[in-house]
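Report on one structure; see the data block that follows.
Any read-out appearing in this document is the output of simple, stated calculations on the displayed coordinates, not a laboratory observation. Here the structure is a predicted model, which is why all the values come from computation and not from measurement. Because the Cβ atoms are built from the backbone with ideal geometry, glycine has one as well, and the counts that use them run over all protein chains shown.
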Amino acid sequence: MPVPPNIRHYADGTASVLRKPVVYTALRFYQRSDVLYQLTRLFCQRYLPSHGDRTVDQMVQAARSAKQNIAEGCSDGQTSMESELKLLGVARGSNRELQEDYQDYLKRCGKHEWFGNNERFDRLHTFCKEHSKYEDYRDLLPKLDDEELANMAICLCHQVDAALTKYIEQRDREFTTEGGIRERMTAARLEQRQTQKEIINGQEATINELKATISQQEATINELKTTISQQEATINELKATTSRQEAMIKELEERIKDTSPQPSPRGRES
């Protein structure tokens, strides 16, 4: 049963159905396929007739097909692993066809295909293994004869085939375990829905927390209102007490005034 694929995300967190892009120009088997294409064009121009031999077109087209299908397959693989596997399979077939053409040339012309335990083969194999970019071959290719060029091409074809086979197997395993674009679309939608659900749940939890805080604040306000009402009642009681005390003071003052001795009339005359 396929496992959920590794879903990529945009900067805003949105899930993407696209797979991680492959920089095919950085793949060594693509770089070697480019060397093979340039080498084949040079080889055909120098050692095969320009007219009347379909081998020229077939070899150039096979070399081009291998290179171009690697590029297209790796590019299409971001959206469709099925297309990638198909195109990489075409590239491997074209590469093997090209290898056969070079081997046929050596047989037809009485030349030798180099194998192991051969000093020339060892040097050639080591050079091709350590160098994959056309810039490393540009100045060397014009100096080689047809047997050397053909053996270099065969060596490169073997290396491209081995690397492509391993890469296709890796992609095949990924397809088997992760599925294709449909599975990625389903996984992305489910993850996006789950993310939205988590966001909604988080917002609802925040709302509930805010409601609880508001309720607590309202309870505090009511308590403060009750306290204020009690304090106002106490103030009113104090005011009433003060008023009664003031009335009592006034009444006492009046009594004191009434009971004070009055001066006699005689005293007033003298």
Margin query: Per residue of segment 117-122, what does 6.51 cos²θ - 1.76 cosθ + 1.60 with θ = phi - 60° give for ³J(HN,Hα)? Whole Hz please, x for Gly and Pro, Karplus curve as stated.
Written below: 6, 9, 4, 5, 5, 4
Item checked: Of T14, T213, T227, the one that fluctuates the most in a GNM where the chain has Cα springs shorter than 10 Å -> T227
Next item on the list: Pick out which of R171, R19, R120 has the largest mean-square fluctuation in a Gaussian network model of the chain, springs linking Cα atoms closer than 10 Å.
Entry: R120
Notebook entry, point to check: For the chain, the longest stretch holding no chymotrypsin sites (Phe, Trp or Tyr not before Pro) located in a DSSP loop with at most 12 other Cβ atoms within 10 Å is which?
Noted result: 116-270
Check: Hey, got the dipole for the chain? About the Cα centre, +1 on K and R Cβ, -1 on D and E Cβ, debye to the nearest 20?
Finding: 140 debye
Next item on the list: Quick one: what are the phi-derived ³J(HN,Hα) couplings along segment 103-108, Karplus 6.51/-1.76/1.60 with θ = phi - 60°, whole Hz, x for glycine and proline?
Entry: 5, 5, 4, 4, 5, 5
Notebook entry, point to check: Per-residue HN-Hα couplings for segment 75-80, Karplus 6.51 cos²θ - 1.76 cosθ + 1.60 at θ = phi - 60°, whole Hz, x for Gly and Pro?
Noted result: 6, 5, x, 5, 10, 9
Next item on the list: Grab the other residues whose beta carbon is less than 14 angstrom from that of Q216, score K and R as +1, D and E as -1, and report the net.
Entry: -2
Notebook entry, point to check: In vacuo Debye scattering of the chain, one point per C-alpha: log10 I(q)/I(0) at q = 0.10, 0.11, 0.13, 0.15 Å⁻¹?
Noted result: -0.73, -0.80, -0.94, -1.09
Next item on the list: Compare G77, G110, G93 in a GNM of the chain, Cα atoms joined below 10 Å, and give the one with the largest fluctuation.
Entry: G110
